[in-house]
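The values are calculated or read from the model by the stated rules, or taken from the named source; none is laboratory data. Being a predicted model, the structure only gives us computed values, none of them experimental. So basically every Cβ, Gly included, is an ideal-geometry build from the backbone, and we count neighbours across all protein chains shown. These area figures cover heavy atoms from the full protein model, side chains too; ligands, DNA and RNA do not enter into them. Shrake-Rupley method; radii C 1.70, N 1.55, O 1.52, S 1.80 Å.
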Amino acid sequence: MNANADEKMASPASVEVDVVVVGAGLSGLSAAYELTKRDPSLRVAVLEAKDRVGGRTLTTTLKAAGGEDVWDLGGQWVGSSQTHIMALIQELGLEVYSQYDKGKKYMKLGDNKIRTFTSIPALPFWVLIDLYFLMRKIDSMSSQVPIEDPYQCQYAEKWDSITVEEFMQQQCWTAGAKEAADCLFLILGGADCSQMSLLFLLAQTNAAGGTGAVFDSSQSGQEFKVKGGTQQISSLLAEKIGKQNIFLNHPVMTVTQDDTQVHITTTKGDVFKCSRAIFTTMPQQTASMQFNPCLPAEKLELFKRMPAGYIVKFIITYQTAFWRDEGFSGEIVSSGKTDLLLGVLDATSPNGNPALVGFVAAKHAVKWSSQEASKRKAAVLSAIAEFLGPQAEECLDYVEKNWGEEPYTLGGPGCIGGTGCMAYYAAGLRKPFKRIHFGGTESATAWCSYLSGAVQAGIRTAIEVLHHLRPQTVTQEELKQTAYCPDSAQKKND
Ligand SMILES: Cc1cc2nc3c(=O)[nH]c(=O)nc-3n(C[C@H](O)[C@H](O)[C@H](O)COP(=O)(O)OP(=O)(O)OC[C@H]3O[C@@H](n4cnc5c(N)ncnc54)[C@H](O)[C@@H]3O)c2cc1C
C-alpha cells in the first residue's frame with residue numbers, strides 16, 4: 001500500500017458502522033475480509049495505529065546482485081500443514097517457493113567447536129540421544145494438552161507452575177542437549193526458557209502439530225516463502241476490503257460498550273460506533289487500552305502475563321551465494337557461550353539474488369541492541385564469517401529490524417505465556433466480552449503465534465460476529481470452532 005494512497009484515506013470525527021476491527025495485521029484484515037466476503041452489505045471499519053498495514057509482517061527493498069529486490073523483515077515462512085495461510089495465499093493468487101536447505105549446515109554450541117552436518121546434527125552420540133528423548137517427551141506431553149483449553153489437561157496446574165528451563169534441567173542429562181534445545185526455543189520464541197511456562201510451550205507445540213513440524217525446515221514451519229513478500233497478503237486484503245474502510249494512524253485508546261453499541265475512541269478523538277467490535281491487537285497492547293466497563297479479570301490477568309518476545313531479524317545481501325558454491329546450505333545455529341547467539345538461513349530470493357536471513361533473540365538481542373548500529377552490524381558479519389569465511393563480510397546491503405522497538409508491537413515473533421497464566425488462557429484469549437470479540441494469532445487453536453494462526457483467529461472472530469449480525473451466513477459446523485460451540489468449555493457470553 002503506497003503512502004499517497006494511505007494519505008487519501010478518510011479521517012472522520014464520528015463514524016457509525018456495523019463492525020469495527022482493531023488492528024490491520026493479518027488477523028484483523030482476515031476478519032474484515034471474511035465479514036465483507038460473506039455479506040458485502042456489512043459496514044466494516046478497520047482501525048490501525050501504524051501508518052501501514054501488515055502488523056508483524058513487513059517487506060522491504062534492498063540492494064541486490066541484480067539491482068534491487070524485496071525481503072521480509074517480519075513473518076516469512078509458511079508450510080503445507082498451515083492450512084489457513086496456504087488457502088489465503090492461493091485465494092489471493094500469490095505463489096510460494098521452497099526454503100533452500102541443500103548442503104552442509106553449521107552448528108556451534110557451548111564447547112565453541114564448529115561442527116558441520118547434513119541431516120543429523122553433529123553432536124556427540126549421547127547428546128543426540130538425550131535431545132531425541134527430550135523432543136519425544138515434549139511431543140508426548142503436548143499431545144495431552146488440548147489447545148482449546150490447556151487447563152483441561154490432567155497435569156495442567158503442575159506443568160503451568162514450572163518454567164521450560166526447570167523442565168529441561170530435570171529432563172536432560174547432558175549439558176549439550178539442554179543447550180541445543182535452549183537455543184532452538186530461544187530463536188523460535190524470542191524468549192529465554194526461564195520466562196516460559198511449560199504448559200504454554202506444550203500447548204503451542206500441540207497447536208503446531210508437534211516438535212517436528214515446528215523445527216524441521218523440510219517439514220511444516222519453515223517449508224516455503226511467499227514470492228514478493230508476506231506484507232502483500234495484507235495489502236491485497238486491504239484492497240479487497242476497500243482502502244476507504246481502513247483507517248491508518250488511528251491508535252485506539254478507549255472502548256466503551258453498553259447493551260446496544262460499542263464506542264471506540266482513537267488518540268485523535270475520532271469516535272467509531274458499532275454493533276460489534278473485533279480486537280486483534282497483541283494481549284499487552286489490548287490491556288493498555290481503557291475499557292469501560294473494565295475487561296474481565298481473567299483477560300487482564302492473562303494479558304499481564306503474556307508479553308511479546310524480543311527478536312531482531314536481519315537480512316544481508318551478497319553478489320554471489322558463495323556458501324552454496326562451497327556445498328553449504330547457509331544454515332547456522334550458534335550459541336557459543338561467549339558469542340552472539342544467532343540463527344541464520346539462506347534467503348536467496350526467487351529472482352536469484354543471494355542473501356542470508358538471521359535472528360538475534362531474547363537476552364542476546366537485548367545486550368547486542370544496546371550497541372551502536374555500526375558495531376551491531378560488524379558483530380553479526382564477523383559472527384557469520386567465523387562459519388562461512390571472510391566473504392561473509394563483503395555484503396552488498398544489510399538491514400536489521402528490532403521488533404522490540406516497533407511501536408504498537410514491542411516485540412515478537414509472538415507472545416510468551418509465563419508461569420501461572422494458563423488457568424486464564426482459553427477464556428482470557430478467546431471468550432467474547434459482551435459485544436467485543438478477540439482475535440490475533442495468539443488466540444488461534446492451530447499454529448498460534450504464526451501467520452496461519454492469525455488468519456484462523458481472524459476468520460473465527462468474523463464467524464462469531466456473523467452469528468449475531470448475519471446468522472444465515474454461518475453454519476453450525478463453523479460455530480463449533482468458536483466461543484458459541486454448544487459443548488465448548490467457553491460458554492456463550494452475549
Ligand atoms: C521477526 C519475526 C519473524 C516471524 N517469522 C514468522 C514466520 O516465519 N512464520 C510465521 O508464520 N510467523 C512468523 N512471525 C509471526 C507472525 O508475523 C505473526 O504471528 C503474525 O503476523 C501476527 O498477526 P496478527 O494480525 O495476529 O498480529 P499483528 O500483526 O501484531 O497485528 C496487530 C495490529 O494491531 C495494531 N495495533 C496495536 N495497538 C493498536 C491500537 N492501540 N490501535 C489500533 N491498532 C493497534 C498493530 O500495529 C498491528 O498492526 C514472525 C514475527 C516476527 C516479528
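For region 239-296, the set of chymotrypsin sites (Phe, Trp or Tyr not before Pro) satisfying both a DSSP loop assignment and a count of at most 13 other C-beta atoms within 10 Å is empty. Each Lys and Arg Cβ is given +1 and each Asp and Glu Cβ -1; about its Cα centre, the chain then shows a dipole of about 380 debye. How large, in percent, is the carbon and sulfur part of the accessible surface of the chain at a probe radius of 1.4 Å? C and S fraction of accessible area: 51 percent. 3J(HN,Hα) along region 79-91: x, 5, 7, 8, 5, 5, 6, 5, 5, 5, 4, 5, 4 Hz, from the Karplus curve 6.51 cos²θ - 1.76 cosθ + 1.60 with θ = phi - 60°, whole Hz, x for Gly and Pro. With the charge dipole of the chain set up from +1 on Lys and Arg Cβ and -1 on Asp and Glu Cβ about the Cα centre, the Cα lying farthest toward the positive end among the listed residues ALA181, ALA287, GLY343 is that of ALA287. Between the alpha-carbon centres of region 394-422 and region 180-251 there is a gap of 11 Å.
Work out how much length SER143 to GLN290 would gain on full extension: take 0.36 nm times their residue separation and subtract the Cα-Cα distance, in nm to one decimal.
Result: 49.2 nm gained on full extension.
Each Cα pair under 8 Å and six or more residues apart adds its sequence gap; the mean of these over the residue count of region 50-131 is a relative contact order of 14 percent. So if I average 1/r over every pair of distinct C-alpha atoms in region 104-215 and take the inverse, what Kirkwood radius in Å does that give? For region 104-215, the Kirkwood estimate is 14.6 Å. Think of each Lys and Arg Cβ as +1 and each Asp and Glu Cβ as -1; about the Cα centre, that makes the dipole of region 104-215 roughly 680 debye.
Projecting the Cα atoms of SER119, CYS153, LEU134 onto the charge dipole of region 104-215, computed from C-beta unit charges around the Cα centre, puts SER119 farthest toward the positive end. Using 17 Å as the cut-off for backbone N distance, which residues of region 87-116 belong to the label zone defined by a point 7 Å from the Cα of ALA175 along Cα→Cβ? In region 87-116, the label zone of ALA175 (backbone N under 17 Å from the point 7 Å along Cα→Cβ) covers 108-114. Normalised by the number of residues in region 104-215, the mean separation of alpha-carbon contacts (under 8 Å, six or more apart) gives a relative contact order of 31 percent. The distance between label points at LYS434 and LYS304 comes to 2.2 nm (points 7 Å beyond Cα on the Cα→Cβ vector).
May I ask for the net charge around ALA423, where only other residues with Cβ less than 15 Å from the Cβ of ALA423 are counted and Lys, Arg are +1 while Asp, Glu are -1? Let's see the in-between values first.
Numbers: positive: LYS158, LYS299, LYS304, ARG305, ARG430, LYS431; negative: GLU148, ASP149, GLU157, ASP160, GLU298, GLU301.
Charge balance in the 15 Å sphere: 0.
Rounded to the nearest 5, the antiparallel percentage of DSSP beta bridges internal to the chain is 65%.
Length gained on full extension, LEU469 to GLN90, computed as 0.36 nm times the residue gap minus the Cα-Cα distance: 133.6 nm. Across the chain, Cα pairs under 8 Å and at least six residues apart give a relative contact order of 24 percent.
Compared with the dominant principal axis of the Cα atoms in the chain, helix 125-142 is inclined by about 10°. Remark: spin-label model distance GLU326-ALA379 equals 2.4 nm, labels positioned 7 Å along the Cα→Cβ axis.
Nearest 10 degrees is fine. How inclined is helix 175-189 to the longest principal axis of the chain, computing both from alpha carbons? The two axes meet at around 40 degrees. Checked against a 22 Å cut-off, the cross-linked pairs LYS37/LYS225; LYS178/LYS363; LYS50/LYS434 give Cα-Cα distances beyond that limit for LYS37/LYS225; LYS50/LYS434.
Simple point charges give the picture: +1 on the Cβ of Lys and Arg, -1 on the Cβ of Asp and Glu, and for region 46-140 a dipole about the Cα centre of about 560 debye.
Restricting things to alpha carbons, find the Rg to Rh ratio for region 334-468 using the Kirkwood radius for Rh.
Taking Rh as the inverse mean 1/r over Cα pairs, Rg/Rh reads 1.09.
Working ranking of peptides 295-306, 24-35 by packing, defined as the average number of other Cβ atoms within 10 Å per residue, highest first, is 24-35, 295-306. What the chain shows is 39 Å² of accessible area per residue, with the surface traced by a 1.4 Å probe over protein heavy atoms. Among 398-407, 13-22, the peptide with the highest mean count of other Cβ atoms within 10 Å heads the list, and the full ranking is 13-22, 398-407.
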